[in-house]
1. For the list (1) at pLDDT 75 or above; (2) farther than 17 Å from residue 174 by Cβ, I need the number of the one condition that residue 53 fails.
2. Among (1) at pLDDT below 85; (2) in contact with a helix residue (DSSP H, G or I) (Cβ under 8 Å, 6 or more places away or on another chain), which single condition is residue 261 missing?
3. In segment 184-193, is there at least one residue being touching a Pro at 6+ places or on another chain (Cβ under 9 Å) and at pLDDT 90 or above?
4. In this structure, is residue 271 modelled with pLDDT of 70 or more and either in a helix (DSSP H, G or I) or within 15 Å of the chain's Cα centre (by Cα) (or both)?
5. Condition first: in a loop (DSSP other than H, G, I, E, B) and either buried (at least 18 other Cβ atoms within 10 Å of the Cβ) or outside the structural domain of residue 269 (by TED's automatic domain parsing) (or both). Can you find one or more residues in segment 230-245 that meet it?
Amino acid sequence: MKTILLPTDFSKNSVNAIHYATALFKDEVCKFYVLNVQKASSFISDDMMTVSSSTTIYATLIDAAKKSLSNIITGIEDKKPNAKHTFHSIVDYDNFIDSINQISSKYNIDLIIMGTKGASGLQRVLFGSNTARVMQRCHVPVLAIPDGCSFTPLKKIAFTTNHINLFKVEELKALKSILEIYNAKLFVLNVADEHHLVQKQLANMDFFGEHFPLAVHDYIDVNKKDMFDTVRQYIIDNDIEMLAMISEKHSFLDRLFTRHALETFAFSIDVPFLVMESVSGKSMT
């Protein structure tokens, strides 16, 4: 059984990610935990005027969130009932990241699936702030679903690396599981940049030969400036339907979050993005 955490703020993109998750694992036995995290500042002054003296702000927030979660779950179960799926709603009153980490530990979460915020033009960004923070600070694989992304059976998944560290099979468990479910083809995008280590690439090639023997290997030589555009173009040119990587220092993800904001605006991908943690621990804070 898989245990999947589905954080939601009840926005359209977060609910879309929930539907994507149930479709992705439609043939798998899954326990879904649908989570909403409340904070006091979300209770605006206009709402406070409607609260009776016998009702606390906390209780009002929690009750409203529980009802909204129930509506989401009921909608899924009524529209696409699946005997292999069970749903549990959780409302927490805590710091968002602390809540994610605590619940992931308590329920042995295998994967976090959440939506990204979408916009247009110069305001387009790759991730919403919450999704970015979860990728940086949580210790469970995260699958980020772009705004408006509809599920289609996966045929091609790309994994990008510049071979900073040696891989371990437990690090890629989430990727391997999805590949096996859909019998998808893995494309390993070997990136040669200023951090690329030839010796570790050779060792990792043996690793992929053992654990992902049918993977297709492609090689690109890029500088830091062209990294993001190159990866994005690779996704487009090869009809890639999901991008995966391991979070580690000097990685593609590490650079993404430390880039100048204006540069980040210019880069976006329109496929789900799977981020897995290095066994040695995430280096980004």
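1. Evaluating residue 53 over (1) at pLDDT 75 or above; (2) farther than 17 Å from residue 174 by Cβ leaves (1) as the failure.
2. Tallying (1) at pLDDT below 85; (2) in contact with a helix residue (DSSP H, G or I) (Cβ under 8 Å, 6 or more places away or on another chain), residue 261 fails exactly one: (2).
3. Yes: segment 184-193 contains one or more residues that are touching a Pro at 6+ places or on another chain (Cβ under 9 Å) and at pLDDT 90 or above.
4. Details: modelled with pLDDT of 70 or more: yes; either in a helix (DSSP H, G or I) or within 15 Å of the chain's Cα centre (by Cα) (or both): yes.
Yes; evaluated as a whole, the condition is true for this residue.
5. Within segment 230-245, the subset in a loop (DSSP other than H, G, I, E, B) is 238-241.
Among the residues that remain, those that are also either buried (at least 18 other Cβ atoms within 10 Å of the Cβ) or outside the structural domain of residue 269 (by TED's automatic domain parsing) (or both) are: 240-241.
Checking segment 230-245: at least one residue is in a loop (DSSP other than H, G, I, E, B) and either buried (at least 18 other Cβ atoms within 10 Å of the Cβ) or outside the structural domain of residue 269 (by TED's automatic domain parsing) (or both).
The values are calculated or read from the model by the stated rules, or taken from the named source; none is laboratory data. Note that the structure is a prediction, hence the values are computed from the model and not measured. Because the Cβ atoms are built from the backbone with ideal geometry, glycine has one as well, and the counts that use them run over all protein chains shown.
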